[in-house]
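One structure below.
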Ligand SMILES: C[S@@+](CC[C@H](N)C(=O)[O-])C[C@H]1O[C@@H](n2cnc3c(N)ncnc32)[C@H](O)[C@@H]1O
């Protein structure tokens, strides 16, 4: 069990344990009262739960069914009403929905083809050969799920080409800023924030 920001977060087998990157995003949310928020890849639910304190409603998704069970348990444990948890790949669970803020602590580590163990926990960190196999389709589709003045915040590492993500977002019309960064032994981990039709507020 983790105590974080007044919440109790149960950790679960086969689910990503909240780590430095989770707290980096969760402590730097660009969220406003009344926002409609989507968190992709919620794991234990820690970021979605934190966002639910300010948001009007949060939809939190994960491709890992164990994470869905875990996030539902944590929602109950913290008696949160405005958080909905859905299973599925990227934007599939929210096909025709738009949000004010979209969050994703991505699986950003590059790996060799045979490096993963191909279980659900693997999905938490394995970004494929260049570390971008989940980041790229996420970025390619995020604009379709943002309101007019929407914001996207994603976590990634210098090992998976931060500049490429920033350029992709700029090409789609986002103003882009690195809003948090932390250096670790072999990489830098950042929160990239992209703003549609506005600058940072
Ligand atoms: C680094 S973990 C972050 C978990 C949690 N948000 C946190 O910060 O502690 C990445 C999460 O994304 C999920 N994930 C990976 N690929 C996904 C995809 N294509 N669609 C939805 N979720 C995905 C993983 O199952 C994992 O729970």
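Here the condition is being closer than 24 Å to residue 189 by Cα and at pLDDT 95 or above; of 82, 74, 27, 87, it holds for 27 alone.
Which residues, taken from the stretch 147-161, are part of a strand (DSSP E or B) and buried (at least 17 other Cβ atoms within 10 Å of the Cβ)?
From the stretch 147-161, those part of a strand (DSSP E or B) are 147-157; that's our starting set.
Scanning the stretch 147-161 gives 150, 151, 152, 153, 154, 155, 156, 157.
When the strands (runs of 3 or more DSSP E) confined to the stretch 6-100 are screened for residues that are within 11 Å of the ligand (Cβ to nearest atom) and buried (at least 19 other Cβ atoms within 10 Å of the Cβ), those reaching at least 1 such residues are found at 7-9, 36-40, 57-62. The numbered conditions (1) modelled with pLDDT under 95; (2) crowded, with 18+ Cβ neighbours inside 10 Å; (3) touching a helix residue (DSSP H, G or I) at 6+ places or on another chain (Cβ under 6 Å) are all true for residue 123 except (3).
Within the stretch 126-137, the only residue that satisfies the criterion of being part of a helix (DSSP H, G or I) and surrounded by 20 or more Cβ atoms within 10 Å (Cβ to Cβ) is 135.
The values are calculated or read from the model by the stated rules, or taken from the named source; none is laboratory data. All values derive from a computational prediction rather than experimental measurement. Quick reminder, even Gly has a Cβ in these numbers, built from the backbone with ideal geometry, and neighbours come from all protein chains shown.
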